[in-house]
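Undergrad: Starting off with a structure, shown below.
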Amino acid sequence: MGTSASSNGPASGVPFDPPWLDNITLPGSEEISQSDSDTHNDDSEENQTNPSQQSSPESVEVAPPRRFYGARLALGQFARTGQQDAFRRAVGHYSRTGMGGARNTTRRMRTSTRTATKVFSFLQSARDGTNPEINEWVASLSGRNASPQEIANEIIQRVMPFGGSQDETACRESMAQAIGDLLTDSPSIDLLHLGNNDIWTLIESFLSYEAFHRLYLDIGQVFEDPGLSPRDRVTRMNEMQNYLKAELQAQIRNVRREKSNVGSDQLQSIMQNALQNTFVVYEGSI
């Protein structure tokens, strides 16, 4: 499993959210906003729930000293032993102490949920033919008999954030990995005509890779231990993503069951709630 190299992680005494986070933009949002109301309630990005607007604290919260100590300790134990309980404690400590709680952790990942929401609406529009610009794009790909990998690259180019920050780079990597997994599991699947269940599968995979990348960037230094073999390193990282994916799948499906006839205006809320609930579950392990 490939991933960006870990950094030294965020420092203490700084805001939980980096100041540039709200400056990340997604390309082509106007394409999604024109979709048919019979298929979506409202695909306008302005009408989606923005986690940065869910709360406006009067004072900026700053991270405590040694914020990731417990998380790194537990993750190091997981890296050496493969004990799932150690991994669960690592994520619990990461969320509760390192990020100030599940709600803050989810807010920190708002680029992920915004991107996932856009991908969902984009793929629905591509399938249903509800947007003229997307229809033209689909026709162009079909006309040149584009390969699944070419279509995957086009999707990433059209809907992923394109800046150079860690979050934006991770988003592109996460979507490439998620689409790759989908194509591996279903080699004959048509990426331009995905059913809703297939789109949800893609989104669940994407968010699990995003959670993995967030953890790896912040506390993944433990995997650089020279005592850890390359094989064990790859095995543990794959296990991390699989554990996160299983929990996210369960949480997304729980939230979906609570909301029937989900409209696009509810998509980001579902993803935020599922992500937050995932970290709440892990916090319960410590």
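The values are calculated or read from the model by the stated rules, or taken from the named source; none is laboratory data. Just so it is clear, the structure is predicted and the values come from calculations on it, not from any experiment. Glycine also receives a Cβ, built like all others from the backbone with ideal geometry; neighbour counts cover every protein chain displayed.
Residue-by-condition table, conditions (1) over 18 Å from Arg107 (Cα atoms); (2) part of a helix (DSSP H, G or I):
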| position | (1), (2) |
| --- | --- |
| Glu173 | yes, yes |
| Thr184 | yes, yes |
| Leu192 | yes, no |
| Glu210 | no, yes |
| Phe223 | yes, yes |
| Ile252 | no, yes |
| Leu267 | no, yes |
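Undergrad: Check Arg257, Arg236, Arg231 and return the single one that is closer than 24 Å to Glu173 by Cα, among the basic types (Lys, Arg) and surrounded by fewer than 16 Cβ atoms within 10 Å (Cβ to Cβ).
TA: The unique qualifying residue is Arg231.
Residues are listed down the side, and each one gets a yes or a no for (1) among the aliphatic types (A, V, I, L, M); (2) over 13 Å from the mean Cα position of the chain (by Cα):
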residue: Ser142; (1), (2): no, yes
residue: Ala146; (1), (2): yes, yes
residue: Gly164; (1), (2): no, yes
residue: Glu168; (1), (2): no, no
residue: Cys171; (1), (2): no, no
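Undergrad: Follow-up. Take the residues in region 144-171 that are at pLDDT below 90 and part of a helix (DSSP H, G or I), then tell me which one is surrounded by the fewest Cβ atoms within 10 Å (Cβ to Cβ).
TA: Per the criteria, the residue is Gln166.
Undergrad: Looking only at region 112-131, decide whether some residue is hydroxyl-bearing (Ser, Thr, Tyr), crowded, with 23+ Cβ neighbours inside 10 Å, part of a helix (DSSP H, G or I) and in contact with a His (Cβ under 7 Å, 6 or more places away or on another chain).
TA: Of region 112-131, the ones hydroxyl-bearing (Ser, Thr, Tyr) are 112-113, 115, 117, 121, 125, 130.
Now restrict to residues that are crowded, with 23+ Cβ neighbours inside 10 Å: 112-113, 115, 117, 121, 125.
Adding the requirement that they be part of a helix (DSSP H, G or I) leaves 112-113, 115, 117, 121, 125.
Imposing the further condition that a residue be in contact with a His (Cβ under 7 Å, 6 or more places away or on another chain) reduces the set to 121.
Taking every residue of region 112-131 in turn, at least one turns out to be hydroxyl-bearing (Ser, Thr, Tyr), crowded, with 23+ Cβ neighbours inside 10 Å, part of a helix (DSSP H, G or I) and in contact with a His (Cβ under 7 Å, 6 or more places away or on another chain).
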